[in-house]
Structure formats: C-alpha cells, structure tokens
Amino acid sequence: MADNLARVREEGVVHTPPRGVKAPAADAAVQGRLRGDKAFLGGVLAVSLLAVLPLVLILAFIIVRGASSINWQFLTELPRPMGEAGGGISNAIVGTIILIAVASVISIPLGILAGIFLSESGKSGLGRLTRLSVETLMGVPSIVIGIVAYVWVVRTTGHFSALSGGVALSMIMLPVITLSTEETLLMIPESLREAALALGVSYPRTVLRVILPAGASGVITGALLGVARAAGETAPLLFTSFGSPYMEYNILKPMASLPQTIFFYATSPYPEWQSLAWGASFVLLVLVLALNLVTKLVTSRWKIQF
Amino acid sequence: MKVSRLLLAAALIVSLGGIGFAQSFEFVGAGATFPAPLYTKMFDQYAKEFGVKVNYQAIGSGGGQAQIKGRTVDFGASDVVMTAKDLVDAPAEIVQVPMVAGAVVLVSNLPGNPQLRFTPDVVADIFLGKIKNWNDQRISSVNPDVKFPNLNITVVHRSDGSGTTGVFSDYLSKVSDEWKTKVGMGTSLNWPVGIGGKGNPGVAGLVKQLPGAFGYVELIYAIQNNIPYALLKNKSGNWIKASLQSTSTAANVPVPEDVTKLSTTNSDAPEGYPIASFTWLLLYKEQNYGNHQKDKCEALLKMIWWMTHDGQKYAEPLAYAVLPAPVVAKAESIIKSITFDGKPLFAGGM
Amino acid sequence: MDGDPEHGTRRMRTAQASDSAFRITLFFGGIVVSVLLIAILLSLVLSSRPALVANGFRFLTGSEWDPVTNSFHALPFVFGTLVTSLIALAIATVLSLALAVLMGEYFRAGMFASVMRTAVELLAGIPSIVYGFIGLFFLVPAIRVVQIVLGVPPFGVGILTSSILLAFMILPYSASIGREMLMLVPSDLKEAALSLGATRSETVWKVSLPYARSGIMGGVFLSLGRALGETMAVTMVIGNSNIITANLLSPGNTMASLIANEFSEAQGAVYLASLIEIALLLFIISTVINILGKVVINRMVEAV
C-alpha cells in the first residue's frame with residue numbers, strides 16, 4: 001500500500017494496462033501480499049469450519065446412536081430398575097412439557113408486559129433499572145437460579161416439586177422474552193403509533209391492539225427462544241423438580257425431565273442406560289432444534305416489514 | 001413472604017383434594033446409591049403387589065440425610081449411621097432401620113484384569129497418595145504372581161456425599177492412624193488425591209474406562225460391570241473375597257441397644273469381609289408432621305416391614321446379604337416404636 | 001364533538017382511567033422484574049449468612065474444602081472457574097474471530113452465509129447436558145489417548161478437557177456479536193483502504209478489526225460471562241478434584257460444579273450456607289463481567 005502511494009506521488013499516476021492487455025508481472029512484494037490474501041481467506045475458512053465441526057459431530061452421533069434407541073417402547077414406557085434392560089423415557093418427555101408449561105405461564109405474560117414497559121418507558125428511571133435488572137438476570141448462571149428457587153419454593157413448601165422447577169425455569173425464560181419483546185416493539189415505526197393516536201385510539205388500545213400485533217412475530221419468536229433455552233436446562237432442576245421414575249402430572253410432586261434423565265443415565269456404567277441417554281438426547285435435540293426452526297418460520301412468514 | 005404463604009395454601013388445598021385417592025399411596029425417598037439396585041427392585045415389586053409407588057432418587061447418603069432432616073422426603077437412605085453430631089440439628093428424633101448388608105470392594109483397571117490382593121495399610125497409603133505407581137514394591141510383595149506395569153495409580157473416589165465413602169473411611173480410620181488424623185471419617189471428605197465420580201455408578205464408570213484406576217464401589221456395581229475386585233486381608237490375617245457369605249459373616253454382630261453404635265467394619269470374625277456394612281432407612285419417630293396423614297404413614301411402615309421380611313428374598317440375587325435374625329428383630333422393634341401423635345402406628349405382621 | 005357534553009366528559013374520564021390503569025400495569029411489570037433481581041441477591045445473601053459469619057474473609061483465600069471439619073474455602077473453585085473460563089475464552093476467541101470475519105466480511109449474504117449462520121445458531125441452541133454427554137464420550141477418551149502418549153496419568157477428564165468443551169459452547173455468542181460489530185464498520189472506510197491498493201485481508205486486518213475491536217471485546221466478555229456459569233457440561237468432564245495446580249491435564253473443580261455435586265446432600269447449616277456463599281460469589285463475578293461486556297459494546301455502538 002505504501003509503495004503504491006509513493007509511486008503515485010512520484011509518477012502522478014498508477015499505470016493500468018489498457019483493456020485486453022495482460023498486466024506486466026507485478027512486484028514480488030505485491031505477489032506476496034496477494035498470496036497472503038488468499039492464505040488469509042483460506043485460514044479463516046479452515047478455522048471457521050473447525051469451529052462448526054462439533055455441531056456436525058454432535059448431530060451425527062446423536063442421530064446415529066440416538067435414533068436407533070427410539071422405538072415405540074422407548075417413547076411410551078417408564079424406566080426399569082437399575083441394570084435391567086428395556087424401559088423408556090415417557091415420564092421425562094411429559095415432565096419436560098409440564099415444566100415448560102408452568103414456566104411459560106409465569107414468564108410469558110410477565111415478560112411481554114415488562115417488554116412493553118421497556119419499549120414504552122425505557123428511558124425513565126425505572127425503565128433503566130428494569131433493563132439493568134433484565135440484562136443482569138440474563139447472565140445469572142442457571143445453577144444459582146436453581147438455588148434461589150430451592151430457597152423460595154422447596155424450603156417453604158417442604159418438598160420437591162415440578163412447581164419449584166417451573167419457577168426456576170421461568171426466571172431463565174423471563175429475560176429472553178422481555179428483551180426480545182422490547183427489541184421487536186422498538187423496531188415498529190413511530191408512524192404507526194402516531195396514526196393510531198391521531199385517529200383517536202386510546203393509548204392502551206394503541207399499544208395492545210396496534211403495536212403489539214404488528215410485532216407479533218418477534219414476540220412469539222422471543223417466547224419460543226425462551227422455551228428452547230429452558231427445555232435444555234438441567235442444573236436448576238437438580239434440587240427443585242428432583243426427578244422421578246414415575247409418570248407424574250401433579251405439579252406439586254417431583255417430576256422427571258429430559259435433561260435430568262440424560263444426566264443420570266449418561267453418567268451410569270450400564271450400557272442399557274447409556275443407550276437411553278442417547279435416545280433422550282435425540283429427543284431433546286429434536287425438540288430444541290424444532291423450536292429454533294419454527295422461530296425462523298414465524299419470522300419469515302409473519303414478520304411485518306415496514 | 002406472602003408468595004410462599006400463597007404457595008403453601010395452594011399446596012395444602014391441592015393435597016387435601018388428594019385424600020380421595022387414598023388407596024394408591026406414593027412415597028418420595030432419597031439417598032444412598034449403595035443399595036439403590038436392590039431398593040429399586042424392591043419398590044418395583046412392591047408396587048406390583050400392593051400398588052404403592054415409591055420415587056427413590058439415588059443422590060448419595062449425604063443427600064438422603066440432608067433431605068430427611070429438611071423434611072423434603074418421606075424417608076432417607078444412608079449407608080452410614082447418622083451420629084449424634086449429624087442428628088444435632090434435626091427438627092425431631094430420627095430413627096434408623098437396618099435394611100440389608102453389603103460390601104464395599106476395591107476395584108481396579110489393569111491390563112489382563114488380574115485378581116489382586118491388598119493389605120489394609122497398602123490400601124490406606126494408596127488413598128493417602130503415598131503409593132503412586134502400580135509397580136511399587138509394596139503392592140507386588142502381596143501379589144507375587146502378578147506382573148505390574150509401570151503405570152500411575154489414579155485414585156477414584158466419590159464426588160458426592162456418600163455412605164459408601166463413610167463406610168470405607170470408617171474402615172480406613174480403623175486400620176490407619178494416619179488416615180484417621182489426616183482425613184477422618186465422613187460422607188464427604190477432603191481427599192488427598194484422586195478424581196471424583198458421581199455415585200457408585202460414576203465411580204464404576206470411571207474405573208472401567210481409566211487404565212490404572214483404583215476405586216471403591218459397592219459389590220453389585222463391580223459384578224454388574226465386570227470389574228475385577230480385590231481380596232483383602234482381614235483382622236484375623238485371612239485373605240477374604242467379598243461375597244454373600246463373607247458379608248453375612250461380618251454382619252453377624254450383636255446389635256447394641258443404641259443402634260448408632262453398630263459398626264461392622266474391620267470385622268473380628270475370622271471369615272468376615274473387612275469392609276461390610278448395613279444400610280439404613282431414615283425416618284422420623286413421630287410421623288405426624290407437615291401434612292402427613294395417618295393411613296399414609298401406616299402404609300409406609302407396612303412397606304418398610306415388608307422390606308425387612310418378605311422383601312429380603314430379592315437381596316441375594318443382587319449380591320446383598322440378608323439381615324441376620326437378631327438384626328431383623330431389632331428392625332422390628334424400631335418400626336414398632338414409630339408413632340403417630342404419640343401412639344405406636346404399626347403393630348407388625350403383614 | 002358529540003351532542004352531549006356530559007357524555008363526552010364521561011368518556012374522556014373513562015379513557016383517562018383506562019389509560020392510567022394501563023400505565024400502572026406496565027409500571028408494575030417493570031417493578032416486578034427489578035424487584036426480582038434484588039430479591040435474588042437478597043435471598044443469596046440472607047441464606048449464606050451463617051457461612052459469611054463463620055468463614056469470614058478466609059473464605060476467599062484458603063484452599064481447603066472439608067465438610068468433616070466444617071472448614072470451607074473458595075479458592076480452588078474460583079481458580080478452577082477462572083482457569084477453565086479463560087482458557088476456553090482464548091480458544092473460543094480464535095475460533096469465533098474466524099467465524100466473525102467469515103460471516104461479517106467475506107460471506108455476508110448468500111447460501112453459504114446462511115448455512116454458516118444457521119450452524120452457529122444451532123450450536124448456541126444445543127443444551128449443555130448434550131455437550132457434556134458428547135464430551136464424556138468423545139473428548140475424554142481422545143484426551144486420554146493424548147495423555148497416554150505423553151506418559152502422564154490418563155485421566156481423560158480435567159481442566160483442559162473442560163476448557164476445550166467450554167470453548168465450543170461459548171463461541172456462538174462472540175461469533176455472532178463479532179459478526180454484527182464487523183458489519184457496523186462503515187463501508188467508506190473499507191473502500192478507502194481498498195482503493196489505496198490494500199488487499200481484502202489487509203483491509204480486514206488493519207481497518208475493520210481495529211475499528212470493531214471494542215465491540216468484539218465486548219462480545220468476548222459476554223462469552224466469558226457465559227463460561228463462568230456453565231455447570232452441567234463442565235461437571236461431567238472436570239474430574240471433581242478440589243486442587244489448585246498449574247498442570248492443565250490435571251482434574252480440577254469449578255464453583256458451579258461444586259454446587260451441583262454437593263448441594264442436595266449438604267447437611268449442617270454452615271455447609272449448606274457455604275455452598276450458597278459460593279453461589280453468591282459466582283453471581284457477583286458473572287454479573288460484573290456481564291456488565292463490563294455490555295458497557296464495552298454500548299460504547300462501540302454509540303461511537304459508530
């Protein structure tokens with residue numbers, strides 16, 4: 001670069017050959033730089049592919065080993081006692097669904113509400129405090145949240161329960177939903193709001209019936225991402241929902257869940273149990289990735305472009 | 001704290017609604033991984049015969065003790081008796097019922113899976129980190145027929161609070177003064193060396209995969225996973241292999257009035273295996289607490305009675321030793337002493 | 001506007017009432033969330049009080065964790081957490097920088113770009129337990145082979161293993177943020193460099209990256225925050241040894257892993273409270289790092 005500049009100063013012009021004529025062999029230095037350029041791209045490409053290599057590995061192994069464990073028995077039966085073959089993870093699947101449901105009931109309404117608040121009054125004192133709280137909450141390790149849920153729910157009620165697990169998961173989902181809602185609503189142009197207000201629509205109606213629906217895709221996306229994140233969490237469930245070998249529908253009782261099942265079976269030495277872990281990983285992965293895919297679909301189909 | 005009161009109220013309302021479903025009781029228990037294979041089998045059978053379901057989570061004896069003290073489970077399970085020091089912060093009196101006897105064996109991972117022998121001092125010194133390599137003279141002197149490679153010993157212990165650890169460290173404290181002062185006895189220890197595995201299954205898994213590993217697990221875990229376990233020299237100088245026979249022999253001790261004084265490690269019996277122990281079920285003497293109902297507590301005692309009588313037939317196929325008769329008698333008297341509102345709850349018999 | 005002035009006033013009053021009710025509800029939403037965080041912090045402090053009192057400042061400087069004698073010190077776990085996170089960060093930064101440059105400079109749009117972007121998003125979505133499982137089954141034996149070749153104890157599990165696993169778990173965050181920061185670099189700056197004869201790579205290296213440097217740093221901080229709190233994957237491959245050592249091939253332990261292993265069985269008020277004190281410490285450290293990251297990113301975004 002420096003020598004080109006020098007040449008321009010000296011000669012007043014940079015020689016470019018006329019069309020159709022092949023350029024004379026450039027400087028060795030330039031050749032070197034051009035080679036370096038290609039090498040750089042090559043290096044970046046190589047390292048990037050290395051970075052996503054585990055994804056390929058993970059998907060490959062879980063699909064191969066996990067899919068072979070999946071059969072009707074696996075999906076509908078309960079686990080067998082230690083060391084016995086057979087059994088399934090039906091209670092874990094149901095448990096994860098119920099835990100997510102409990103967490104969603106708590107966090108989705110609250111998250112959307114807080115998200116609307118932040119988009120409306122984000123610059124106010126309380127708004128800034130709320131944003132700080134939400135962003136901090138986003139970064140709190142899930143095991144710490146599990147302890148808090150233990151102190152708040154398990155200790156006071158005197159037993160483990162899916163409810164306490166749901167409370168823990170809701171604290172994990174809440175910041176995701178809140179921030180996603182806020183971000184979506186902030187992107188909706190002021191003109192929409194002003195048009196509604198100018199037409200005499202009341203403020204609450206403007207927000208709820210005009211702005212929120214316009215950002216519906218983003219809000220739904222936020223909720224789905226929150227669910228995807230919570231579905232895969234294990235640590236906060238260790239001392240809240242506790243796990244169970246039975247099918248359980250009562251949220252005041254301990255309940256099994258997919259991540260916990262994987263943890264328990266993966267660290268056991270029994271090959272039958274390890275294959276259950278593979279199968280459960282497959283199911284969990286399918287669930288999480290499906291949620292991510294649905295998110296993309298929602299965004300591409302329902303997102304209103306302004 | 002209003003939220004917690006609301007939650008509590010909601011919980012009470014829903015659980016009151018559960019009275020209608022009185023017949024199919026469900027209990028929640030937690031604790032030792034040591035007897036977990038047997039317990040899960042027993043609970044499975046009991047559910048088939050009597051319709052009572054038990055949710056037992058094998059989180060380690062330490063967990064069993066902590067959860068019963070916290071009253072978050074109906075019963076706890078521990079391989080190690082709770083001492084007066086452990087019981088000091090319990091909200092009420094806890095009784096401990098012996099269930100079955102098992103053996104803690106030393107498992108290793110060496111090429112060729114040779115049958116090894118150990119003396120107590122060698123075991124202690126390995127776990128203290130003083131003997132570091134398999135080709136150490138002290139190991140080969142008691143194993144003259146085995147060729148040991150130049151391989152580091154990787155000690156594998158428990159990462160969670162474990163009664164198996166409690167039993168093992170009890171034994172080590174008896175045979176090694178240095179262990180007793182440096183590390184002591186307990187369910188969670190400050191290990192001088194080694195890596196931790198979660199639960200008996202975790203230790204078994206690590207030993208199985210790690211060349212040069214040396215760890216301790218309950219007998220059934222070694223058998224189920226085909227891991228070789230060593231002979232130990234007992235107090236009388238005999239080489240004993242852990243088995244139903246040697247475990248029962250070691251477990252056949254007079255049961256003192258205060259059951260917490262019962263110790264079966266470092267057995268005096270000539271043919272007794274040195275690291276044998278009972279495993280215990282923990283529950284409150286007075287069962288009327290929280291939202292307990294009388295019939296449910298009675299059902300719990302009935303089940304525990306079954307476990308110490310008819311249920312014992314599932315023990316031997318899984319390499320656990322049944323309770324000797326005097327211990328069963330002791331268990332019966334403990335069960336009969338459990339009360340509801342001060343009145344004995346279960347008079348015995350099925 | 002309508003005929004009846006009373007009707008109009010009443011309507012206006014109703015409108016004002018529902019307006020204020022709505023604003024109050026929104027306000028309430030904000031308050032609940034703010035209070036939540038404060039409540040979490042308070043709960044942690046209150047529940048760990050017996051330990052704060054019993055352990056004092058020695059908690060942060062001692063290295064013994066002995067439940068038998070009630071002697072609790074945090075240093076081995078703080079060490080383990082920081083070492084695994086920092087090594088993971090080093091590895092992840094290299095990997096995510098490459099991804100950020102690839103997706104933010106060379107392949108911003110098109111088929112390959114969306115495939116890579118999707119791949120990174122999917123990596124972020126894989127649950128921690130699945131990473132741990134894969135790590136246990138593939139990374140641990142691989143490291144074991146390396147250790148056998150090197151002649152060191154073939155633990156397989158350990159600090160290095162956890163760091164490698166962590167690196168792959170956190171790289172999606174810094175990669176995405178890095179990509180966004182690189183896309184914020186004004187094109188006239190890049191075009192100026194290119195027109196002066198710089199190659200593409202020289203432009204990236206000497207113009208774009210320095211420009212986006214603070215934003216990328218912010219992304220790195222956020223990944224660090226995530227690494228600090230990671231529990232399940234780490235606990236499965238770290239080896240659970242409470243030691244402080246410079247040997248990366250040795251097992252270790254982290255704050256989160258300690259809590260996961262010992263919490264459900266801690267007996268005795270001081271033991272349990274000490275574990276909660278560890279949780280409090282972890283909360284404080286990760287919060288500080290996260291806030292730092294946010295501040296750094298905001299500064300970069302505002303400067304653009």
### Query
Based on the Cβ-Cβ distance from B:ASN133 to C:ARG108, what FRET efficiency comes out when R0 is 56 Å, to the nearest 0.05?
0.45
### Query
What is the distance in Å between the Cα centres of the stretch A:236-306 and the stretch B:136-183?
39 Å
### Task
Only Lys, Arg, Asp and Glu count, each charged at its Cβ (+1, +1, -1, -1), so figure out the dipole size of chain B about its Cα centre, rounded to 20 debye.
520 debye
### Task
Distance between Cα centroids, the stretch C:185-250 to the stretch B:296-346: provide it in whole Å.
61 Å
### Message
I'd like the projected area of chain B, averaged over all directions, using the convex hull of its alpha carbons. Report it in nm² with one decimal.
### Response
18.6 nm²
#### Entry: Cβ-based exposure ranking for A:ILE304, B:ILE240, in which fewest neighbours within 10 Å come first
A:ILE304, B:ILE240
## Note on the structure
The rounded separation in angstrom of the Cα centers of the stretch A:108-127 and the stretch B:203-266 is 61 Å
### Task
Can you tell me how much longer the chain between A:LYS123 and A:LEU192 gets when fully stretched, taken as 0.36 nm per residue apart minus their C-alpha distance, in nm with one decimal?
22.8 nm
### Message
If neighbour count is taken as other Cβ atoms inside 10 Å, put A:MET255, C:MET181, A:MET247 in order from fewest to most.
### Response
A:MET247, C:MET181, A:MET255
#### Entry: Net length gained if the chain between A:LEU53 and A:TRP302 were fully extended (0.36 nm per residue, minus Cα distance)
86.4 nm
### Query
In the calculated pair distance distribution of the protein assembly as shown, what percentage of Cα-Cα distances lie above 41 Å?
44 percent
### Message
For a quick check, take a GNM of chain C with Cα springs below 10 Å and name the residue from C:SER214, C:SER187, C:SER34 with the largest mean-square fluctuation.
### Response
C:SER34
### Task
Report the antiparallel proportion of the DSSP beta bridges in chain B as a percent, rounded to a multiple of 5.
60 percent
### Task
Evaluate peptide C:17-30: per residue, the Cβ atoms of other protein chains within 10 Å of its Cβ; return the mean as an integer.
6
### Query
In whole angstrom, how long is each semi-axis of the equivalent ellipsoid of the stretch A:72-301, when you take the square root of 5 times every eigenvalue of its Cα gyration tensor and sort them from largest down?
39, 19, 13
### Task
Under 14 Å from the Cβ of B:THR72, count the other residues' Cβ atoms, weight Lys and Arg +1, Asp and Glu -1, and hand me the total.
+2
### Task
Taking only Cα atoms and a 10 Å spring cutoff, compute GNM fluctuations for chain B and point out the largest among B:GLY31, B:GLY205, B:GLY76.
B:GLY205
### Summary
Between B:ALA329 and A:TYR249, the two model label points (7 Å from Cα along the beta-carbon direction) sit apart by a distance in nm of 5.0 nm
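Sum -39500 (n - 2.57) across every DSSP H segment of at least 4 residues in the protein assembly as shown, then divide by the residue count to get the 222 nm mean residue ellipticity, nearest 500.
That comes out to -18500 deg cm²/dmol.
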### Task
Determine which residues of the stretch B:306-350 fall in the zone a paramagnetic label at B:ALA92 would reach in this model, i.e. backbone nitrogen under 19 Å from the point 7 Å along Cα→Cβ.
B:334-347
## Note on the structure
Here the gain from full extension of B:ALA47 to B:ASP177, 0.36 nm per residue of separation minus their alpha-carbon distance, amounts to 42.1 nm
### Task
Given the options A:ILE62, A:ILE188, A:ILE145, state which has the largest fluctuation in a GNM of chain A using a 10 Å cut-off (strictly under) for Cα springs.
A:ILE188
#### Entry: Given charges at beta-carbon only (K, R positive; D, E negative), |dipole| of the protein assembly as shown in Debye
1340 debye
### Query
Sorted by mean Cβ packing within 10 Å, highest first, what order do the peptides B:103-109, A:151-157, B:136-142 take?
B:103-109, A:151-157, B:136-142
### Query
Once you sort the root eigenvalues of the Cα gyration tensor of chain C as a ≥ b ≥ c, which label holds: rounded (a/c under 1.5), prolate (a/b larger than b/c) or oblate (the other case)?
oblate
### Computed log₁₀ I(q)/I(0) - Debye formula, equal Cα scatterers, no solvent, the stretch A:201-306, q 0.11, 0.22 Å⁻¹
-0.53, -1.12
### Message
Taking a ≥ b ≥ c as the square roots of the Cα gyration tensor eigenvalues, with a/c under 1.5 meaning rounded and otherwise prolate when a/b beats b/c, else oblate, which class fits the stretch B:221-311?
### Response
prolate
### Task
Can you tell me the FRET efficiency between C:TRP205 and C:SER63 if r is taken as the Cβ-Cβ distance and R0 is 30 Å, rounded to the nearest 0.05?
0.10
### Task
Determine, for A:LEU237, A:LEU225, C:LEU97, C:LEU165, the number of other Cβ atoms within 10 Å of each Cβ, and report the residues in order from fewest to most.
A:LEU225, C:LEU97, C:LEU165, A:LEU237
## Note on the structure
For B:LYS233, the lysines lying under 17 Å Cα to Cα, once residues fewer than eight places off in the same chain are dropped, come out as B:LYS174, B:LYS241
## Note on the structure
From the cross-link list A:LYS38/C:LYS190; B:LYS53/B:LYS330; B:LYS41/B:LYS294; A:LYS296/C:LYS294; A:LYS253/B:LYS336; A:LYS253/B:LYS69, the entries with a Cα-Cα span beyond 23 Å are B:LYS53/B:LYS330; B:LYS41/B:LYS294; A:LYS296/C:LYS294; A:LYS253/B:LYS336
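Where a number appears in this text, it was derived from the coordinates with a stated rule and is not lab data. A quick note: this is a predicted structure, and the numbers were derived from the prediction, not measured. Cβ: placed from backbone, ideal geometry, glycine included. Neighbour counts: every protein chain shown.
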